[in-house]
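First comes the structure, then the notes that go with it.
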Amino acid sequence: MATKIQKIGVIGAGQMGNGIAHVCAIAGKDVFLSDLSQEQLDNGFATIQKNLDRQARKGRITEKQVSDAMGRIKLNTTYDDFTDCDIIIEAASENEDVKKEIIKQVCEIIPPHTIFASNTSSISITRLGAQSDRPGKFVGMHFMNPVPMMALVELIRGIATDEPTYSAVRELTLELNKKPVNAEDFPAFIVNRILLPMINEAVYTLYEGVGSVEAIDSAMRMGANHPMGPLQLADFIGLDTCLAIMHVLHDGLADTKYRPCPLLVKYVEAGWLGQKSGRGFYDYSGETPVPTR
């Protein structure tokens, strides 16, 4: 029988981490949210409050559910609260060295029964699990962005992940009102293996002058019925994250079709990372986003 998960540690209060904390808290779980600075924690906590309030205004949840959920979240700039958690979900930036360091530090203080899940969108679960003291209890749990809105969670077994761990995490996914889909431990898993090369190709289309930002996004919205154009979506994801995933695909699969577009590299080098930096393929400084090319 799968382990019942009630106490959840979440590492990272950014876009993904605060979304994961949000869905865990609204599902009645005790959440311990950790980040490097109090400012990042406060910003993440404020985002959770704002998103829960929006759900309440739309009638999806009650005001009591909002206050109960907020009351279940505890903030800490250390990992001290993780010592009796049933699962830790790591949602730090998509950087393998950063993730490996976190895994080593956290595994020193959590008890043997605790499952460790990574929300990585592209990095090998087997490789990350090998950095831990519990590869059998290490699993990939890739939520989609924005977490409160998106139904899918990709579940990824590393080569050592045991069946009780996978079953427990699958059960938790269902309790969070999400739909689990099994993905094998290949670079970028399912969604990003398909999505990021499409975004990269859209950047190449811009780079080669086939169409402007507006033309490319409009064409894909109207011609392929995508709710968001690929360049707009890249800005939403973060161009640094897009580039990191393309590097994982290119390095891991050694196929030139995954070569990151030089224009994507240039934007990241310029610090034009999309919505979070105020500028990417669109400029977000005004009321309405304006294409930068």
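The values are calculated or read from the model by the stated rules, or taken from the named source; none is laboratory data. Since this is a predicted model, take the numbers as computed values, not measurements. A quick note on method: Cβ atoms are made from the backbone with ideal geometry, for glycine too, and the neighbour counts reach across all protein chains shown.
Look at (1) crowded, with 16+ Cβ neighbours inside 10 Å; (2) in contact (Cβ under 8 Å) with a residue 40 or more places away in the chain and you find that residue 186 fails only one, number (1). In the stretch 28-111, counting only helices (runs of 4 or more DSSP H) that sit wholly within it, the ones holding 2 or more residues that are among the hydrophobic types (A, V, I, L, M, F, W, C) and in contact (Cβ under 8 Å) with a residue 60 or more places away in the chain span 96-107. Among the residues of the stretch 140-164, write down those that are assigned to a strand (DSSP E or B), closer than 16 Å to residue 20 by Cα and either touching a Phe, Trp or Tyr at 6+ places or on another chain (Cβ under 9 Å) or not aliphatic (A, V, I, L, M) (or both). Passing the criteria: 140, 142, 143, 152, 153, 154, 155.
If you check residue 208 against the conditions, is it in contact (Cβ under 8 Å) with a residue 60 or more places away in the chain and outside the structural domain of residue 85 (by TED's automatic domain parsing)? So residue 208 fails the test. Close contacts from the stretch 249-273, counting a first residue that is closer than 19 Å to residue 127 by Cβ and a second that is surrounded by 13 or more Cβ atoms within 10 Å (Cβ to Cβ) and of a type in the set (D, E, K, R), with Cβ to Cβ under 6 Å and a gap of 6+ residues or different chains, come to 250/259. Just one residue in the set 177, 145, 192, 200 is on the phi > 0 side of the Ramachandran plot and polar (S, T, N, Q); that residue is 177. The combined condition, being under 23 Å from residue 116 (Cα atoms) and modelled with pLDDT under 95, is not fulfilled by residue 173.
Residue-wise test of (1) more than 17 Å from residue 5 (Cα to Cα); (2) more than 17 Å from the chain's Cα centre (by Cα); (3) surrounded by 15 or more Cβ atoms within 10 Å (Cβ to Cβ).
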| residue | (1), (2), (3) |
| --- | --- |
| 22 | no, no, yes |
| 81 | no, yes, yes |
| 122 | yes, no, yes |
| 129 | yes, yes, yes |
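Residues in the stretch 119-139 that are outside any loop (DSSP other than H, G, I, E, B) and either of a type in the set (Val, Ile, Thr) or more than 14 Å from residue 187 (Cα to Cα) (or both): 125, 126, 129, 135, 136, 137, 138, 139. Residue 97 passes every criterion in (1) crowded, with 18+ Cβ neighbours inside 10 Å; (2) within 21 Å of the chain's Cα centre (by Cα) apart from (1). Within the stretch 221-234, residues that are in the same structural domain as residue 203 (by TED's automatic domain parsing) sit with their Cβ atoms under 9 Å from residues that are loosely packed, with under 15 Cβ neighbours inside 10 Å and among the acidic types (Asp, Glu), at 6+ positions apart or across chains, in these pairs: 230/201.
Residue 179 meets the conditions (1) touching a residue at least 12 places away in the same chain (Cβ under 8 Å); (2) of a type outside the set (S, T, N, Q); (3) out of contact with any Ser or Thr (no Cβ under 9 Å at 6 or more places or on another chain) in every case but one. The failed one is (3).
Taken over the stretch 267-293, the criterion of being loosely packed, with under 13 Cβ neighbours inside 10 Å and touching a helix residue (DSSP H, G or I) at 6+ places or on another chain (Cβ under 9 Å) is satisfied by 271 alone. Let me confirm something: among 203, 147, 169, which residue is assigned by TED's automatic domain parsing to the domain that holds residue 102, in contact with a helix residue (DSSP H, G or I) (Cβ under 6 Å, 6 or more places away or on another chain) and aliphatic (A, V, I, L, M)? Only one candidate qualifies: 147. Against the condition hydrophobic (A, V, I, L, M, F, W, C) and either surrounded by fewer than 20 Cβ atoms within 10 Å (Cβ to Cβ) or in contact with an Asp or Glu (Cβ under 9 Å, 6 or more places away or on another chain) (or both), how does residue 52 come out, does it pass? Against the criterion (hydrophobic (A, V, I, L, M, F, W, C) and either surrounded by fewer than 20 Cβ atoms within 10 Å (Cβ to Cβ) or in contact with an Asp or Glu (Cβ under 9 Å, 6 or more places away or on another chain) (or both)), residue 52 does not qualify.
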